[in-house]
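Computed from the coordinates by the stated procedures, all read-outs in this text should not be read as laboratory data. A quick note: this is a predicted structure, and the numbers were derived from the prediction, not measured. When we count neighbours, we look across all protein chains shown, and the Cβ atoms used for this are built from the backbone with ideal geometry, even at glycine.
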Amino acid sequence: MTNHRNFKFQLVFFYFYANFENFKNQILYQKMAKFLTDREENYAQWYNDLVIKADLAENSAVRGCMVIKPYGYAIWENIQAELDKMFKATGHVNAYFPLFIPKSFFSREAAHVEGFAKECAVVTHYRLKNSENGTGIVVDPDAKLDEELIIRPTSETIIWNSYRNWIQSYRDLPILINQWANVVRWEMRTRLFLRTAEFLWQEGHTAHATREEAVEETMKMINVYTEFAEKYMALPVIRGYKTDNEKFAGAIDTYSIEALMQDGKALQAGTSHFLGQNFAKAFDVQFTDRNGKLDYVWATSWGLSTRMIGALIMAHSDNKGLVLPPKLAPLQTVIIPIFKNAEQLGKITELALRLKSELEKAGIKVKYDDRDNNTPGWKFSNYEFKGVPVRIAIGPRDLENSTAEIARRDTLTKETISVASVTGRVIKLLEEIQGNIYNKALQFMKENTYYPDKWSDFVDIIENRGGFVMAHWDGTSETELKIKEETKATIRCIPFDSGEEEGKCIFSGKPSKRRVLFARAY
RNA sequence: CGGGGUGUAGCGCAGUUGGUUAGCGUACCUGCUUUGGGAGCAGGUGGUCGUCAGUUCGAGUCUGACCACCCCGACCA
């Protein structure tokens, strides 16, 4: 009896002892789970929590409009800086056109009006006055505009109205202009970064003498976006043509890059449009060619928006918070001191500042966080939450041994190395992390790309698994719309690189020459 | 724009059939002890209870309208 009780006690004790670390972790985990909703539990909530709690953005007093906070804006500034370099390298220059577009401009291009009419903000008056009863300010009815102004949802019309005056001969072409701007599309349902009433973007608007040159430009820019997504965002994408249903209002052809998010939904990450002569005709922009013949100018436009920040979050981040690609992270490395008293902190600070300046000389964005109102553990979690790629911790043990502890955000692994090798190691780690998260995203995309040949399989994948679905399509809008109606999946693009393959349409059974990319999309 | 839900301290929440001075956790401030994975104790600051109107001796609580946000649909990058 006694033995039995002892045995039981030992078992219980052993169990407790063996699992103590687990208990600790569980308690910690529960605390963190409260802080951030699990990705697997509720993906949409996880995303919202992340944006708010990582201090990227918040909702504002204006319905559907967000405040982009400094940490989120810093990511956008990095996106801008890299893209801008790429635009300049391909011969483009920046300019700025008005926020307001006369209403009449809009109606010049029929498809264009049709596409945007339902989501335009309109300015009707230009003055306010004190109300008669003195209770506030009202719109002055005497200050009605003769012609209402549309707040740009995109700038083709206002820009082509200017181009008419700039272009007379082939010698004035090409015009290769980009503008960084805000635009407004009055969306009913909004989500931070992914869909807001006002957003920031760049829009390129080019004018060319020949069709070939304009088509080439359209392709060139979708390739610039592809390179940017893959090299800087660590985001693998599929390039392709949009179908007639999905293309830009007013375009002959729209090319897009499509990325796959961790919940299996697709996100359009950048678009480039071949506009043909549509806008030139609408705004009467003609030029004299080499042979003295008059012709309409050929056009392209292309854009990439703050939505990319949403893509960045959804592609890489995890239950511990953001995971940012080093090339776009506002902060690439953080140094955290671990100290018991002021004297220790002094010594650690000396070393930390030396490391900081060494890292800065190597072009790394680094911060030394010596605040004493948070514990090291708190800082570890906090910087993990904010997605800082590399963390360096220096404590008393390191001072003794001339070492530092280096932790990487993507794998959450740690190593202790000599102080002398820190800078070299960090440089290498940043490259490794950039490569690793790209490879992870690429592998995820491959694992979640399906090639069904039966309609029941198609439906099953869309309904239960999500992901990219490469399937045969008969090329008709009717089929595309019916598939959308039944499954909510749309044709994201007709990939450039998928190659020809004989087959039968997944829905209608009619003959098809190639697979196209279906998915549910953001 | 249709359906559902929620608005109480910076954040997360409780507040009974209407009844004193509206509470808890967290964050913040002060002090002491701490600091190698979200520290502890003690004290303290902070609220026109989403807005407006109504019912009532009395409204966080009941009624109405409006506003905002979240989720699900239609629309879009």
Value of Rg/Rh across chain A [Cα atoms, Kirkwood radius]: 1.06
Cβ charges +1 (Lys, Arg) and -1 (Asp, Glu), total dipole of chain A, debye: 1300 debye
Stretch gain in nm, segment residue A:263-residue A:38, where the contour uses 0.36 nm per residue and the Cα spacing is subtracted: 79.8 nm
Net charge of Cβ neighbours under 13 Å - reference residue A:437; Lys, Arg +1; Asp, Glu -1: 0
Inter-part distance where segment A:398-428 and segment A:87-120 are each reduced to a Cα centre, Å: 50 Å
Loop-exposed GluC sites (Glu not before Pro) per DSSP, neighbour cap 13 Cβ within 10 angstrom, longest uninterrupted part of chain A: A:133-522
Count of lysine pairs in segment A:333-438 with Cα separation under 19 Å (8 or more residues apart, or interchain): 18
Added length on full extension, which subtracts the Cα-Cα distance from 0.36 nm per residue, residue A:89 to residue A:62: 5.9 nm
Helix axis angle, A:477-487 relative to chain A longest principal axis, alpha carbon, degrees: 30 degrees
Nearest 10 degrees, 0 to 90: helix A:422-447 Cα axis against chain A principal axis: 60 degrees
5 angstrom amide H check on residue A:508, placed H, neighbours 5+ away: A:474
Segment A:400-408 - phi-based ³J(HN,Hα) in whole Hz, Karplus 6.51/-1.76/1.60, Gly and Pro as x: 4, 9, 6, 10, 8, 9, 10, 10, 10
From phi via Karplus (6.51, -1.76, 1.60), per-residue ³J(HN,Hα) for segment A:66-78 in Hz, x at Gly/Pro: 9, 9, 8, 7, x, 5, x, 5, 4, 5, 4, 4, 5
Nonlocal amide H pairs with residue A:323, under 5 Å, H built at 1.01 Å: A:317, A:318
Residue range of chain A that is longest and free of trypsin sites (Lys or Arg not before Pro) which are both DSSP loop and sparsely packed (at most 13 other C-beta within 10 Å): A:190-289
Loop chymotrypsin sites (Phe, Trp or Tyr not before Pro), segment A:53-97 (other Cβ atoms within 10 Å of the site Cβ: 16 or fewer; DSSP): A:96
Cα gyration tensor, segment A:332-422 - rounded (a/c under 1.5), prolate or oblate: rounded
In sequence order, calculated HN-Hα J values of segment A:213-221 (Karplus, 6.51, -1.76, 1.60; Hz; x Gly/Pro): 5, 5, 4, 4, 4, 4, 5, 4, 6
Dipole of segment A:83-146 [Lys/Arg +1, Asp/Glu -1 at C-beta], most positive-end residue of A:128, A:117, A:83: A:83
